[in-house]
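Here the structure comes first, spelled out in C-alpha cells, and everything after it is commentary.
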Amino acid sequence: MRQHFPAAAFFASLLINGAVLAGGAGLDNVPLQWKPTSVFSEMGTIDLSGATITTKIHFDPLVDTRQNPTLVAENREKADKVRPMTTSTDVAAFVTDHLKDTVRSAGLSVVDADGEVNVSGEIRKFFVTEDNTYNGEISLMIHVKDGAGKELWAGVINGDATRWGRSYKAENYCEVMSDMLLRATYNLLSTDGFRAALAKH
C-alpha cells in the first residue's frame, strides 16, 4: 500500500535536515570524549625515577571553580555570531579521571586509597576558542599533601593545544580538550617541585 505523508511534515523535515547539514545545529549538552591526537611520550623526556615512580599517589576529585561549568567552547569566526558549545559531562570528573590515567600510564603509582601523598586541586580554566583554528587552554591549581595533611607543594599547572579542523565540530573540540589535558599532565610531571614533593613523604 502506498503511504502518503502530509506535505507540511515533509517540508519541515527538509528544513530540519538542511539546517543540520549546513551546520546550523547548536552544540548543546555534548558529552565529552577522550580523543587525544598527541602522544604523551613524544612531548619530551621527563626524569621519572626513584620516589617519583614508587610513591603511592592518591587523587582527590578536582573541584571545578569556573563560573559556568557547562560552557566549554565557543566558535568566534564571526564576531556578530558567537556559537557556544556546552556539555552534559561533569568536567571535573572528566579532567580528574584522565589526569589520573595519564599519570598512571607514565609509570607512576596511582592508587585508589591509602596513598602516601594526596593530590587535590581546582580547575580554573577549561576552554577551547575557535577562530581560524581551535585553541584550547586548561589551568589547574594543584596541591600535594602528605598522609598527615601537610602541604608539600602547590602550584598552577597550565596546558594548551592548537589544531586545524572543520568549523564548529564537536569532535575537533574534544580532540583539543584531550590534547590540552595531556599537555597539562606532562607539565605537571615535568615540574621539579611536584617531583620533589613525591620524595618528601
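One table, with the values for the structure above:
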item: Set of lysines near residue 169 by C-alpha distance (under 19 Å), chain-local residues within fewer than 8 positions excluded; result: 35, 78, 81
item: Over segment 27-200, relative contact order from alpha-carbon pairs under 8 Å, at least 6 apart, %; result: 28 percent
item: Prolate/oblate/rounded label for segment 27-200 (Cα gyration tensor, a/c 1.5); result: prolate
item: Cα centre as origin, Lys/Arg/Asp/Glu Cβ charges: the chain dipole, Debye; result: 460 debye
item: Exposed-loop-free span, longest in the chain, where trypsin sites (Lys or Arg not before Pro) count as exposed if DSSP calls them loop and at most 15 other C-beta atoms lie within 10 Å; result: 3-75
item: Environment charge of residue 40, counting only residues whose C-beta is closer than 11 Å and scoring Lys/Arg +1, Asp/Glu -1; result: -2
item: Options 46, 30, 79, ranked by Cα towards positive dipole end of the chain, top entry (Cβ charges); result: 79
item: Chain lengthening between residue 124 and residue 150 when straightened (0.36 nm per residue, less Cα-Cα); result: 7.1 nm
item: Eligible aspartates and glutamates near residue 150 by straight Cα distance, threshold 13 Å, same-chain separation 8 or greater; result: 116
item: Helix 170-190 vs. the chain, principal-axis angle (Cα, 0 to 90°, nearest 10); result: 10 degrees
item: Nearby aspartates and glutamates by direct alpha-carbon distance to residue 100 (threshold 13 angstrom, same-chain neighbours under 8 apart not counted); result: 60, 112
item: Inter-label distance, nm, simple model (7 Å from Cα along the C-beta direction), residue 80/residue 29; result: 3.2 nm
item: Residue with peak Gaussian network fluctuation, the chain [Cα springs, cutoff 10 Å], from 139, 190, 49; result: 49
item: Counting DSSP beta bridges with both ends in the chain, the antiparallel % (nearest 5); result: 70 percent
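Every read-out reported here was derived from the displayed coordinates using simple, explicitly stated rules and does not represent laboratory data. Note that the structure is predicted; figures quoted are calculated from it, not measured. Glycine gets a Cβ as well: all are built from the backbone with ideal geometry, and neighbour counts include every protein chain shown.
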